[in-house]
Amino acid sequence: MGDQLNFQEVFKKSIIEMEAFKQVSILEIVIGLLISFVLGMFIYWTYYKTFRGVVYSHNYNLTFVIMTMLTTIVIMTISTNIVLSLGMVGALSIVRFRTAVKDPLDIMFMFWAITVGIATGAKIYPIAIIGSLAISAVLFFLSKRKRKDAPYLLIVNYEERASDQVKIVLRKMKYVLKSKTVRKDQTEMTVELRLRDDNTAFVSEISAIDGVKDAVLVSYNGDYAP
């Protein structure tokens, strides 16, 4: 008799817990996913327009859209049941993101997508929308300021007899020596330059120096590995 009573209590408790999942209606799920998709696409567009790295990854940018929607689903699921939320936290604790992220700004975009997903899943739509607009505006403002003083790498291959003339041209602008490789009478020098606008006439000037084999100017995102 006691076992039957315990079974009935457990069964009733399970029914009550299962009914808790019905607190989120189909309409609320659709609205939440739709908003998270739109905001995820907004993050996608902002990342594409403000990207200043060397190699743009379309697949990496797509993860922001999916991450926003997945986070929304997780938060909706957790909000329906306290017991389930503890299990979800335990399950997510074993997840590891093993892809190397070199640019700290990429990590910021990931955190932005997760934050929007949390706010949308918690039905705090004004915070998700207004916050995303504010962050995007700041990113566009800062990215335009960065363009005025863009970093470049100048790689020059020259013979020893052209060394003095190359240095005379470089003294006209601010530069930082990154590396210098000498092979017999051949020298390869890499320097970092900060240029405003499209002032690249000095590259032709260096190339015209007698003894200079080639001069290459490339844009880069500030990371350098000698």
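The values are calculated or read from the model by the stated rules, or taken from the named source; none is laboratory data. Quick caveat, the model's predicted, so the values are computed rather than measured. Methodologically, a virtual Cβ is constructed for each residue, glycine included, from the backbone with ideal geometry; neighbour enumeration extends over all protein chains shown.
Matching residues to (1) surrounded by 15 or more Cβ atoms within 10 Å (Cβ to Cβ); (2) farther than 30 Å from ILE78 by Cα; (3) modelled with pLDDT of 85 or more:
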{"site": "ILE124", "(1), (2), (3)": "no, no, yes"}
{"site": "VAL138", "(1), (2), (3)": "no, yes, yes"}
{"site": "LYS146", "(1), (2), (3)": "no, yes, no"}
{"site": "ILE155", "(1), (2), (3)": "yes, yes, yes"}
**Report entry** Which numbered condition MET41 misses (of (1) at pLDDT below 90; (2) closer than 25 Å to VAL138 by Cα; (3) not hydroxyl-bearing (Ser, Thr, Tyr))
**Finding:** (1)
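Mind listing just one residue for me: the one in the stretch 156-178 that is of a type in the set (Val, Ile, Thr) and part of a helix (DSSP H, G or I) and, of those, farthest from SER207 (Cα to Cα)? Show your work before the answer.
Just the residues of the stretch 156-178 that are of a type in the set (Val, Ile, Thr), to begin with: 156, 166, 168-169, 176.
So of that shortlist, the ones also part of a helix (DSSP H, G or I) come out as 166, 168-169.
Working: VAL166: 9, ILE168: 13, VAL169: 11 Å.
My answer is ILE168.
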Report task. Please work out which one of (1) part of a strand (DSSP E or B); (2) without any contact (Cβ under 8 Å) to a residue 12 or more places away in the chain is the condition ILE127 fails and give its number. Result -> (1)
Report summary line: Quick count over the stretch 179-224, residues being part of a strand (DSSP E or B), out of contact with any Ser or Thr (no Cβ under 8 Å at 6 or more places or on another chain) and either more than 13 Å from VAL169 (Cβ to Cβ) or modelled with pLDDT of 85 or more (or both), is 12
